[in-house]
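Reviewing the structure listed below.
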Amino acid sequence: MYEDFQVTDRWTGEELHCVWKANIVAIATRHADAVDIVFNVNGRAVTIALPCTAWVEQKKRAGKVITDQIAVQVAGRYLKQLVEEGYDAQRDLYTMSVAEVLAHLDAVVEEARERGNIPSLPVGIEATR
């Protein structure tokens, strides 16, 4: 769904190819209480930061955890929406709020239900682009 997708930039009309590259615990890299989901967008790294408190809130509200696969789908859906709505293409880091994470998570789960599953993440050398 959102680990590898195409989207058209609202302002330039440029077709962007977005490919998930990594999940990084930002506590170690940026001293932030977040998980960074990194995408390659036409050769440029764009990071979507999901606050760690979203994991806690999801566990409280649904009794289920956010997996790596779901985090990627949530961040990818958010990135796609940003581009379609006219994002600031100069930025390389976007931070989601807890409410945004949970709203996108609900939408991703619903889309996955319609499709029959949440895609697994490509792992290994064959997934490198």
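The values are calculated or read from the model by the stated rules, or taken from the named source; none is laboratory data. The shown structure was predicted, so the numbers you read here are calculated from the model rather than taken from an experiment. Positions of Cβ are backbone-derived with ideal geometry, glycine not excepted, and every protein chain shown enters the neighbour counts.
Table for the structure above
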read-out: Helices (runs of 4 or more DSSP H) enclosed by the stretch 1-106 - at least 2 residues per element that are under 12 Å from the mean Cα position of the chain (by Cα), surrounded by 17 or more Cβ atoms within 10 Å (Cβ to Cβ) and in contact (Cβ under 8 Å) with a residue 60 or more places away in the chain; value: 68-85
read-out: Sole exception among (1) at pLDDT 90 or above; (2) under 13 Å from K21 (Cα atoms); (3) not β-branched (V, I, T) for E110, by number; value: (2)
read-out: N23 under 16 Å from Y2 (Cα atoms) and modelled with pLDDT under 90; value: no
